[in-house]
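The values are calculated or read from the model by the stated rules, or taken from the named source; none is laboratory data. None of these values were measured; they are calculated from a predicted model. Ideal geometry is used to build each Cβ from the backbone, glycine not excepted, and the neighbour counts take in all protein chains shown. Ligands, DNA and RNA are stripped out before the accessible areas are found, and what is left, the full protein with its side chains, is counted by its heavy atoms. Shrake-Rupley method; radii C 1.70, N 1.55, O 1.52, S 1.80 Å.
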Amino acid sequence: MNYLMSQLTAGAYVIAVKDTHTWDVTSYTNMYVLQRPGQTILIDAGLKDYQNAIIPALAKIGIAPDRVTHVLLTHGHHDHVEGAALFRKAKKFVHSADLPMIAPQLVAQFAVFTPQAGNFMYAVEEVNGLDIVLVNTHSPGSVAIFDQKSKALFVGDFFCYFGEGLPQGELVTASQRIKRGSCDYVAGQAAAHGQDFDKFMLGLGRLLEYQPEFFCTGHGVVLRQDIQTFLKSMWQSGSQK
């Protein structure tokens with residue numbers, strides 16, 4: 001299975017598996033790797049069928065599956081969950097609201113994120129420097145994860161580019177066309193009073209305090225450069241009356 005892999009910054013990588021058969025459109029499904037002293041953290045795990053791509057991708061940065069210490073899910077849909085079975089020694093976490101989505105043969109391997117002060121902040125014991133924010137759009141337990149070290153904001157399918165091509169074939173891009181198109185989409189959803197749009201705006205509002213350098217989605221292109229302005233522009237697009 002074909003895949004693309006890019007380094008975001010020191011100790012942070014994206015693996016995008018090109019999937020031509022699971023859905024009726026070709027798409028990329030993304031997983032992310034964070035390396036810390038004594039820890040290798042995988043954010044989302046893809047489908048079981050992606051193992052033939054994930055194993056060689058990890059090998060490029062010197063990681064065997066049994067060296068992955070943590071798997072953190074942005075949400076509980078199967079295309080982000082199934083691959084977790086490969087990481088036998090990892091501690092695995094998901095938001096409690098999405099735990100019922102996980103298949104019976106895997107669910108016992110998962111613990112839930114630890115609630116923090118407030119109603120929408122979470123953490124993982126033994127893992128520092130990650131802010132886990134409930135955005136509860138796309139699934140009841142969808143979260144975004146902000147890595148304070150790499151300044152990457154992992155949003156899962158809260159907002160993603162499923163089925164869209166990569167601009168000029170680039171996985172990581174500062175494409176203004178993509179950013180404008182995202183804002184236009186949000187404006188269109190606002191005008192149409194799209195399903196769960198108010199919940200989406202609530203989740204987006206929770207992300208505005210961060211100053212990320214990368215906008216890392218569950219499918220397709222990863223955006224870089226001036227991401228806080230991009231998030232604010234989406235917010236403004238959705239707030240127009």
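A few points about this structure:
- Our helix-only sum for the chain, with -39,500 (n - 2.57) per DSSP H run of n ≥ 4 divided by its residues, gives a mean residue ellipticity at 222 nm of -7000 deg cm²/dmol.
- When each of the peptides 86-93, 102-109, 181-188 is scored by the mean number of other C-beta atoms lying within 10 Å of its residues, the order from highest to lowest reads 86-93, 181-188, 102-109.
- Protein accessible area in the range 3-239, 1.4 Å probe - carbon and sulfur %: 49 percent
- HN-Hα J in Hz across the range 65-77 - Karplus 6.51, -1.76, 1.60, θ = phi - 60°, x for Gly and Pro: x, 6, 8, 6, 9, 9, 10, 10, 9, 6, 6, x, 5
- Straight-line cross-link reach from Lys149 at under 19 Å between alpha-carbon atoms covers these aspartates and glutamates, not counting any fewer than eight positions away in the same chain: Asp44, Glu125, Glu126, Asp131, Glu209, Glu213, Asp226.
- Rolling a 1.4 angstrom probe over the protein heavy atoms with all chains in place gives the chain an accessible area of 45 Å² per residue.
- Tilt relative to the chain, helix 227-239 - C-alpha long axis, 0 to 90 degrees, to 10: 50 degrees
- The HN-Hα couplings worked out from phi for the range 157-164 by the Karplus form 6.51 cos²θ - 1.76 cosθ + 1.60 (θ = phi - 60°) are 9, 3, 8, 8, 10, 4, x, 8 Hz, whole numbers, x standing for Gly and Pro.
- For Lys18, the lysines whose Cα falls under 18 Å of its own Cα, not counting residues fewer than eight places away in the same chain, are Lys48, Lys60.
- Average Cα contact separation per residue, the range 158-241, under 8 Å, 6 or more apart, as relative contact order %: 46 percent
- Whole-Hz ³J(HN,Hα) from phi, Karplus 6.51 cos²θ - 1.76 cosθ + 1.60, for the range 114-121, glycine and proline x: 8, x, 10, 4, x, 9, 9, 10
- Helix 197-207 axis, angle to the chain major axis (alpha carbon atoms, nearest 10°): 70 degrees
- Relative to the longest principal axis of the Cα atoms of the chain, the long axis of helix 51-60 lies at roughly 80 degrees.
- Within the range 174-241, all pairs of alpha-carbon atoms sorted by distance into 5 Å bins from zero give the percentages 4, 17, 27, 27, 19, 6, 0.
- Annotation for the range 112-148: chymotrypsin sites (Phe, Trp or Tyr not before Pro) lying in DSSP loop with at most 13 further Cβ atoms inside 10 Å of their Cβ do not exist.
- Kirkwood hydrodynamic radius over Cα pairs of the chain, then Stokes diffusion coefficient at 25 °C and 0.890 mPa s, in µm²/s: 137 µm²/s
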